[in-house]
Amino acid sequence: MAQDSNNYEIATFQYSLVPAAGNLYWGSYEVAIAPKIKIAENYEIGAFLSYGKTMYSFFDTPVGIATESFEEVHLLSAGFFYETRLNDSWGAETFFLPTISSNFAESLTSEDIQYRGAFALNKKWDVYNNEMGLRFGIGYGPLFGKPDFYPILSLEGTFGHYLKYRVGFPETLVDYSPTGRHRLRAMAIFKGSYTNLSDALQLNEIGSFSNNKLAYETLDFGVQHHYRLQRRLSSVVKVGYLAKNSLKIMDVDNSQLYAFNTGSSWYISMGLTININNKLDEKKD
């Protein structure tokens, strides 16, 4: 959901823990910066840089597979985004995000590099003094466990001064801001990742394979509380439920080699954000 240009998060840090998902559990952390500038009245451009690390552990080691290859995986992304108002009611937005997704066990190759991006148009209008809009377009990325195209379609808008919403695919978000210091968000988001395992992976019943892929997909239901600690610093706490977790090892042709026993699971995430251009009314605290 687009942020108010007068109050946006330029940097974030978060740590997440999934304590039990079938036969495994994992923790992850991510740091990201996303500066943006308004280059004209109706044009905004920005950059995005992030690094994330996920660490998988097993309650019982899977039989017939060496897990060392994917116990730590990394995600490094750097790209740009662009937004513009075409006229009073129409707008456009796009982003392009080259990504290195790998276990970094061997030297970097083209197998470690993938691309993510999206392009969307939005149409806005006023309904009983509330803003409403339709957003539609196309995206590309590992939303369902491997890079592919997916549709973007949502209805979004506001109710009064405190409630914003986006209902559709691939994400549904509802933001409620009762005061300048607190913000609550409920969400349902499709998520996925696709990581290259650059070293050789030994499957006892099949053999040894290189440049396999660790493909993950889930549907994330969560509730997040955003609390402004200071004018420029906020805390974020999120609890949620990952439905239909799927973690698989694929070969270079995207054929399944191994599927892990992963069930649905709850999780918790905590972090900090740095805000700039914050013009919140201090009297609302």
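The numbers here are math on the coordinates, done by the rules we state, and not lab data. These figures come from a predicted structure and were not determined experimentally. Positions of Cβ are generated from backbone atoms using ideal geometry, with glycine treated the same way; all protein chains shown enter the neighbour counts.
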Next on the checklist: What is the sum of charges, Lys and Arg at +1 and Asp and Glu at -1, for the other residues whose Cβ falls under 10 Å from the Cβ of Y140?
Outcome noted: 0
Next on the checklist: Can you compute the charge dipole magnitude of the chain about its Cα centre, using +1 on each Lys and Arg Cβ and -1 on each Asp and Glu Cβ, nothing else charged? Give it in debye, rounded to the nearest 20.
Outcome noted: 1140
Next on the checklist: Only four residue types carry charge here, +1 at the Cβ of Lys and Arg and -1 at the Cβ of Asp and Glu. Report the dipole size of the stretch 123-234 about the Cα centre in Debye, rounded to the nearest 20.
Outcome noted: 700
Checklist outcome for this item: Between the alpha carbon centres of the stretch 41-76 and the stretch 244-259 the gap in Å comes to 16
Checklist entry - Lys/Arg Cβ at +1, Asp/Glu Cβ at -1, dipole of the stretch 8-284 taken about the Cα centre: which of I152, S89, F13 is farthest positive-ward? => result S89
Item to check | Additional length obtainable on full extension of the chain from K244 to F149, 0.36 nm per residue less Cα span | outcome: 32.1 nm
Item to check | Nearest-0.05 FRET efficiency for D253 and K53, computed from C-beta distance (R0 25 Å) | outcome: 0.35
Checklist entry - What length, rounded to one decimal in nm, is gained on full extension from E131 through to Y15, with 0.36 nm per residue of separation minus their alpha-carbon distance? => result 38.3 nm
Item to check | Dipole axis of the stretch 8-284 (+1 Lys, Arg; -1 Asp, Glu on Cβ), positive-most option in P98, I138, I37 | outcome: I37
Next on the checklist: As an exercise, identify the GluC sites (Glu not before Pro) in the stretch 68-145 lying in DSSP coil whose Cβ has no more than 15 other Cβ atoms within 10 Å.
Outcome noted: E71
Next on the checklist: Could you give the length gained by full extension between T158 and F80, i.e. 0.36 nm per residue of separation minus their alpha carbon distance, to one decimal place?
Outcome noted: 25.4 nm
Item to check | Spin-label model distance (nm) - I276 vs A34, 7 Å beyond Cα toward Cβ | outcome: 1.4
Next on the checklist: Which one, T179, T195, S210, is farthest towards the positive end of the dipole of the stretch 135-266 when Lys and Arg carry +1 and Asp and Glu -1 on their Cβ?
Outcome noted: T179
Checklist entry - Which value, in debye to the nearest 20, describes the size of the charge dipole of the stretch 41-178 about its Cα centre when Lys and Arg Cβ atoms bear +1, Asp and Glu Cβ atoms bear -1, and nothing else is charged? => result 420
Checklist entry - Using θ = phi - 60° and the Karplus form 6.51 cos²θ - 1.76 cosθ + 1.60, what ³J(HN,Hα) does each residue of the stretch 71-81 get, whole Hz, x for Gly and Pro? => result 6, 9, 10, 10, 9, 10, 10, 8, x, 9, 9
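Quick one: net charge around E217, please, counting Lys, Arg +1 and Asp, Glu -1 for every other residue with C-beta under 12 Å from its C-beta.
Every neighbour counted, the sum reads +2.
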Next on the checklist: If I model a spin label at L108 and S89 as a point 7 Å from the Cα along the Cα→Cβ vector, what separation in nanometres do I get?
Outcome noted: 4.7
